[in-house]
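Each reported figure results from applying straightforward, stated rules to the coordinates on display, with no laboratory input. As the structure is a computational prediction, the values presented were derived from the model and not from experiment. Neighbour counts run over all protein chains shown; Cβ positions are idealised from the backbone, glycine included.
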Amino acid sequence: MPIPAQQLVEALNWRYATKKFDSPKKISPGDWDALEQSLVLSPSSIGLQPWKFFVVTDQAVKNQLVAASYHQKQAAECSHFVVFSVRRDLDAAHVDRHISRMVEIRGVTAESLDKFRTMTMRNLETARAAGTLDTWQTHQIYIALGQFMASAAVLGIDTCPMEGIEPEKYDEILGLSGTDYATVVACAAGYRLGDDKYAATKKVRFKADDVVVRI
């Protein structure tokens, strides 16, 4: 269902990279389910969904992640901490898994998707030969991150995207080392603390005419 245009703009103006979270205040199960669906429903190139999202609510694990985040406390103080990981070296097994899901959801046959599979594998192999496969897939993560933050803003939930992390240490803490997945970026979600001075700081953005080219 669409929302009023002004409501969207207001939500995006309201959001900011929250520095201080109100630790005792937790995201409700219903709101979290919606945010989780915003991750699941994120678009990706060829629909391959080359990711896994690790939702961390265990306080002990969140505390460990602070040390791997250059001691940024948002990881520990937020309600839910999401780690966005990429599926490395995407292969035929992943493509076939996606096709199986298409068969299940759309009620088509695997044979009817042969051309799609051939095209997909050709694109993956071209990127692999060029040494850009993992880079291509990693770019998809940021689509999911953006959708997650925008969805949270519409729900009145604060977020803070975090690239200032040590991915290899994250992988160790989350048990990803030696697997097909690797940490790319993280995002804290919860509710701002009343004394976070950045909440009242005006956004500084270039004017629309400086960044939007209308043709």
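A few remarks follow.
- Thr138 within 16 Å of the chain's Cα centre (by Cα), closer than 30 Å to Val9 by Cα and not small (Gly, Ala, Ser): yes
- Against the list (1) in contact with a helix residue (DSSP H, G or I) (Cβ under 8 Å, 6 or more places away or on another chain); (2) assigned to a helix (DSSP H, G or I); (3) in contact (Cβ under 8 Å) with a residue 24 or more places away in the chain, the condition Thr138 fails is (1).
- Of the residues Ile27, Ile3, the single one that is exposed (fewer than 12 other Cβ atoms within 10 Å of the Cβ) and in a loop (DSSP other than H, G, I, E, B) is Ile3.
- Test: residue in region 117-126 that is assigned to a helix (DSSP H, G or I), in contact with a Phe, Trp or Tyr (Cβ under 8 Å, 6 or more places away or on another chain) and either surrounded by 13 or more Cβ atoms within 10 Å (Cβ to Cβ) or in contact (Cβ under 8 Å) with a residue 60 or more places away in the chain (or both): no
- Scanning region 187-215 for residues that are touching a strand residue (DSSP E or B) at 6+ places or on another chain (Cβ under 6 Å) and of a type in the set (Ser, Thr, Tyr) gives a single hit, Tyr191.
- Number of positions in region 45-82 that are among the aliphatic types (A, V, I, L, M), within 14 Å of Gly190 (Cβ to Cβ) and either without any contact (Cβ under 8 Å) to a residue 12 or more places away in the chain or crowded, with 16+ Cβ neighbours inside 10 Å (or both): 4
- Only one entry in Asp158, Asp114, Asp134, Asp180 is charged (D, E, K, R), surrounded by 11 or more Cβ atoms within 10 Å (Cβ to Cβ) and over 28 Å from Arg101 (Cβ atoms), namely Asp158.
- All positions within region 78-98 that are of a type in the set (D, E, K, R), under 19 Å from the mean Cα position of the chain (by Cα) and outside any loop (DSSP other than H, G, I, E, B): Arg87
- Complete set of residues in region 142-159 that are more than 15 Å from Gly47 (Cβ to Cβ) and touching a strand residue (DSSP E or B) at 6+ places or on another chain (Cβ under 7 Å): Leu145, Phe148, Met149, Ala152, Ile157, Asp158, Thr159
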